[in-house]
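First comes the structure, then the notes that go with it.
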């Protein structure tokens, strides 16, 4: 009976959709960006949270403007480095999250006829 109870407990923990469905990473990133009419790159520090949902998508929350970016990124590769991307008619967004070393690179390239983009690089802290 005890073995059956342990098996059932293990089964429900593993099969529960809320247990392994999300991972959070808080990342302090150095941001470099350039707009169409700027001559030089500008930079600032930023704090982003990456939320991995069901190993399929990643949403991005920007703490400085308290905003979750539009469409989530689609995960193309997961272990041990997460590679995710999103593309529409305005921009291409790419995230590389090295979970072994807790490093991230996030970039945005504008493809709507405007010259510009941003690049972010920094350390992340997994949230358990």
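The values are calculated or read from the model by the stated rules, or taken from the named source; none is laboratory data. Everything numeric in this text was worked out from a predicted model, so none of it was measured. Glycine also receives a Cβ, built like all others from the backbone with ideal geometry; neighbour counts cover every protein chain displayed.
Of all residues in the range 118-128, those that are over 15 Å from residue 33 (Cα atoms), surrounded by fewer than 16 Cβ atoms within 10 Å (Cβ to Cβ) and touching a residue at least 12 places away in the same chain (Cβ under 8 Å) total 4.
Hey, among 110, 78, 115, which residue is over 12 Å from residue 50 (Cβ atoms) and either modelled with pLDDT of 95 or more or exposed (fewer than 13 other Cβ atoms within 10 Å of the Cβ) (or both)? Outline the logic, then answer.
Details: 110 fails: either modelled with pLDDT of 95 or more or exposed (fewer than 13 other Cβ atoms within 10 Å of the Cβ) (or both); 78 fails: either modelled with pLDDT of 95 or more or exposed (fewer than 13 other Cβ atoms within 10 Å of the Cβ) (or both).
None of the other options fit; the residue is 115.
Pairs linking a residue in the range 93-110 that is touching a residue at least 12 places away in the same chain (Cβ under 8 Å) and on the phi > 0 side of the Ramachandran plot to a residue that is crowded, with 16+ Cβ neighbours inside 10 Å and in a strand (DSSP E or B), with Cβ atoms under 8 Å and 6 or more positions apart or on different chains, are 102/25; 102/124.
Being within 15 Å of residue 28 (Cβ to Cβ) and touching a strand residue (DSSP E or B) at 6+ places or on another chain (Cβ under 9 Å) holds for only one residue in 93, 76, 100, 123, and it is 123.
Filtered by the rule that a residue be within 23 Å of the chain's Cα centre (by Cα) and at pLDDT below 75, the range 1-40 gives 17, 18, 19, 20. Just give me the residues in the range 32-55 being surrounded by 13 or more Cβ atoms within 10 Å (Cβ to Cβ) and more than 22 Å from residue 111 (Cα to Cα), in sequence order. Selection gives 46, 47, 48, 49, 50, 51, 52, 53, 55.
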